[in-house]
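The values are calculated or read from the model by the stated rules, or taken from the named source; none is laboratory data. Keep in mind that this is a model prediction, so the values were computed, not measured. Here the Cβ positions follow ideal geometry from the backbone for every residue, glycine too, while neighbour counts run over all protein chains shown. These area figures cover heavy atoms from the full protein model, side chains too; ligands, DNA and RNA do not enter into them. Shrake-Rupley method; radii C 1.70, N 1.55, O 1.52, S 1.80 Å.
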Amino acid sequence: MNTVLCHPYFINDEAMLPKEVMAALAETREERLAIAKHQMKKNKSETIANEMKNEVISLSRLSIRKHLMLVNSTTEVIRESFDPDNSISHDVPYCFIILPYKLAKNKAGKLTPTSMTDVELCERLGKHILELSKATCFASCMREYYSNATKESLETIHYWSTSLDKYPIQTAEEILKTFHLDSEYFLDLASKFVAIVRADGQNFLQNPTMSAMKLIRKYAVPITQVFSVNGKAYLYPVDEFQGMPIVESSRGRKYPHIFRDCVTDVVYKFLPYMQTCVTRMMSESGSVESLVKLIFEGASPKTPNSWVQASKGLPKVFLKRRMVAEASILQEAILGLIPADSPVVSGAKHELDFIHNLFSHIDSTRAFGGLKKVSDGDAIMWTAQKGADILVEDSQRESDPERIYFAYKEEQEQNIIMEEKDVKIAKLEKALGSLSKRLQAFESDSPVMVI
């Protein structure tokens, strides 16, 4: 009986248990606690996610400009670039900037770097971002030209490969002319590309896009060097409608989120998102001032001269297809700069899962700095309450039955005016044809004067 009673099952005093049994019991308790904690966190996230679904601000009809802003939002560009099949839920923002300094409001209430050193870092960062934009634009053109390969385009690529050794500058100019890029502002970049191709040899002929991605990496590296000065990276969500970083606190979470480890890898990871945000804002406004608002609002309305010069020649076409193409090739190129064993490398099936997992850690309440998700049922944009109110007001105004009627009536009147113009043009063309025939007949009947 004593043997039975000495079994660990019948012993209440754990101090009498063997050390191995006590260790196993402690490990089991820790596992159960961890599972319970994980389940509680999961339940909380699901509850918040369900609440957020109910918080989506729905929009119906929008004015053309506002609708263009919505369908071309950074979120939509990122969705189509990294999740073209729309296979995951998009319930977190994708529009960020990552800076090597912290922003603070000045006396005028505008966001600005907090020291002269940070101002210098800001100017360097902006210049490098714009130069990377040009490299990404160039690389995207090269991919499109090669992807839509015709006999003529393949012959042209072969011609470039044979002429660049003897005529590097002329070849660079020919490439830019083919891509409709201004040689005055892209020649230095194209010359660097030619140098890469000369070193690549036959690789360029096999896949010119790979050479173009090397060019992107060449312009991406200096951006990470700016971050090495302070050794930190500050992540800010961005209001997609206003084009401003979020710094206010909401439901207990205040941005920025600060990264102190693996900063270079973190910058590379977020660079495609930031670059897409910058491209989208500049394309929508048609001005480099959008970059000023994003990373140095306090300098507005002035723009650093280095930014003005670096931005010259950049396309300002507010076209989603173009932005998607640039985001995709930039992300592919940047992957080659991140070590395979880096903690920022996502083992998930989708690139965007990394962002979802990140927010579950840094913003478990999913407040996102007060950003609101607005949608017309298809396209999504994240904006603060002020931007959401403007969009809702625009939607209500555009959905008003009388406004729709008057818009239809105006369109009908324009059609009538165009039809009347077409009739007048047809009459004038007929009269001109008749006059031309009479003139020809007159000339043929006139006697020829012999001198």
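Out of the residues in segment 324-357 that are of a type in the set (Ser, Thr, Tyr) and at pLDDT 85 or above, which is nearest to Met213 (Cα to Cα)?
Let us first name the residues in segment 324-357 that are of a type in the set (Ser, Thr, Tyr), namely 328, 342, 346.
Add one more test, that the residue is at pLDDT 85 or above, and what stays is 328, 342.
Details: Ser328: 11, Ser342: 21 Å.
Restricting to residues being of a type in the set (Ser, Thr, Tyr) and at pLDDT 85 or above, the top hit is Ser328.
Give the number of residues within segment 307-364 that are open to solvent by less than 40 Å² (accessible area, probe 1.4 Å), among the polar types (S, T, N, Q) and in contact (Cβ under 8 Å) with a residue 60 or more places away in the chain.
Count: 5.
Say we look at segment 292-330 and pick out the residues that are closer than 14 Å to Ala135 by Cβ and of a type outside the set (A, V, I, L, M); which of these is nearest to the chain's Cα centre (by Cα)?
Only one residue fits best here, namely Glu326.
So, Ala195, is that one surrounded by 14 or more Cβ atoms within 10 Å (Cβ to Cβ), of a type outside the set (D, E, K, R) and modelled with pLDDT of 95 or more or not?
On the way: surrounded by 14 or more Cβ atoms within 10 Å (Cβ to Cβ): yes; of a type outside the set (D, E, K, R): yes; modelled with pLDDT of 95 or more: no.
Criteria not met by Ala195.
So which residues in segment 60-73 are in a helix (DSSP H, G or I) and modelled with pLDDT of 90 or more, if there are any at all?
Filtering segment 60-73 for residues in a helix (DSSP H, G or I) gives 64-71.
Result: Arg65, Lys66, His67, Leu68, Met69, Leu70, Val71.
Just a yes or no: is a residue in segment 206-216 surrounded by fewer than 16 Cβ atoms within 10 Å (Cβ to Cβ) and at positive phi?
no
Run Tyr234 past the list (1) modelled with pLDDT of 95 or more; (2) over 22 Å from Thr75 (Cα atoms) and report the number of the one that doesn't hold.
With respect to (1) modelled with pLDDT of 95 or more; (2) over 22 Å from Thr75 (Cα atoms), Tyr234 is out only on (2).
Only one residue in Ile380, Ile417, Ile404, Ile390 is at pLDDT 80 or above, over 30 Å from Glu248 (Cβ atoms) and open to solvent by less than 100 Å² (accessible area, probe 1.4 Å), so which one is that?
Selected residue: Ile417, the only one of Ile380, Ile417, Ile404, Ile390 that is at pLDDT 80 or above, over 30 Å from Glu248 (Cβ atoms) and open to solvent by less than 100 Å² (accessible area, probe 1.4 Å).
Please report, ordered by residue number, the helices (runs of 4 or more DSSP H) entirely within segment 83-187 with at least 2 residues that are in contact (Cβ under 8 Å) with a residue 60 or more places away in the chain and surrounded by 15 or more Cβ atoms within 10 Å (Cβ to Cβ). Let's see the steps before the verdict.
Details: elements: 116-147, 151-163, 168-179.
Qualifying helices (runs of 4 or more DSSP H): 116-147.
Can you tell me which residue among Glu240, Glu297 is of a type in the set (D, E, K, R), touching a strand residue (DSSP E or B) at 6+ places or on another chain (Cβ under 6 Å) and open to solvent by less than 30 Å² (accessible area, probe 1.4 Å)?
Values: Glu297 fails: open to solvent by less than 30 Å² (accessible area, probe 1.4 Å).
Answer to the selection: Glu240.
Could you tell me whether segment 74-82 includes any residue that is of a type outside the set (A, V, I, L, M), surrounded by 21 or more Cβ atoms within 10 Å (Cβ to Cβ), at pLDDT 90 or above and touching a Lys or Arg at 6+ places or on another chain (Cβ under 6 Å)?
Yes, that holds for at least one residue.
Exactly one of these conditions fails for Glu248: (1) assigned to a helix (DSSP H, G or I); (2) in contact with a helix residue (DSSP H, G or I) (Cβ under 8 Å, 6 or more places away or on another chain); (3) open to solvent by 80 Å² or more (accessible area, probe 1.4 Å). Give me its number.
(1)
Of all residues in segment 260-280 being in contact (Cβ under 8 Å) with a residue 60 or more places away in the chain and of a type in the set (A, V, I, L, M, F, W, C), which is surrounded by the most Cβ atoms within 10 Å (Cβ to Cβ)?
Once the filter is applied, the top-ranked residue is Cys277.
Just to be sure, is Val247 over 14 Å from the mean Cα position of the chain (by Cα) and farther than 26 Å from Phe368 by Cβ? Before the answer, list the steps.
Numbers: over 14 Å from the mean Cα position of the chain (by Cα): yes; farther than 26 Å from Phe368 by Cβ: no.
Criteria not met by Val247.
Mind checking which pairs have a first residue in segment 210-238 that is under 11 Å from Ala139 (Cα atoms) and a second that is of a type in the set (Ser, Thr, Tyr) and buried (at least 17 other Cβ atoms within 10 Å of the Cβ), Cβ under 8 Å, 6 or more apart or different chains?
Ile216/Thr136
Tell me, which helices (runs of 4 or more DSSP H) wholly within segment 271-385 include 2 or more residues that are within 27 Å of His67 (Cβ to Cβ)? Don't jump to the end; show me each part of the working.
On the way: elements: 289-295, 305-311, 320-335, 352-362.
Of the helices (runs of 4 or more DSSP H) lying wholly inside segment 271-385, those with at least 2 residues that are within 27 Å of His67 (Cβ to Cβ) span 289-295, 320-335, 352-362.
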